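Notes for the one structure printed next.
Since every read-out is calculated from the coordinates, none of them should be taken as a lab result. In this text, all values refer to a predicted model and were calculated from it rather than measured experimentally. So basically every Cβ, Gly included, is an ideal-geometry build from the backbone, and we count neighbours across all protein chains shown.
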Amino acid sequence: MNVLFIEDDPMNRRVVGDMLDVAGATMTGAESAELGLQLIEENDYAIVLIDLRMPGMDGITAIQHIRARPDDKAALPIIVVTADTAVDLRERCIQQGADEVLFKPVAMDALFDAMGRMLAKAAGGGMIG
């Protein structure tokens, strides 16, 4: 499984990359939203993980760009990974097109649970809630 993590902090990319290695996933890191959008154009990913606060384009704007695509990549599962703790943040992210929101520091089980839900939904398994 190929995962794209759009995150400007190299340590956060490394930690999540190590977690994904445990699951046998391959992670590509992008240090900016602009690079992440370019990588989505050029490659296929099962899931996109994205931070909200980055220099240049922020995560919400990048999500809007992904959702506005004219192809199947517009439906990519997107999980926001953020340190922002605003009360209404989860709701705002979902309204803008994110599928899930995880808060830093991300626990491995929370990451894998969210990814599993997104993959099941993408495969047509629906959500169990």
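Numbers at a glance
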read-out: q = 0.14, 0.16, 0.22 Å⁻¹: log10 I(q)/I(0) that the Debye formula gives for the stretch 1-70, counting C-alpha atoms only; value: -0.38, -0.49, -0.90
read-out: Projected area, mean over directions - the chain, Cα convex hull, nm²; value: 7.5 nm²
read-out: 14 Å beta-carbon shell around Thr28, net charge (K/R +1, D/E -1); value: -4
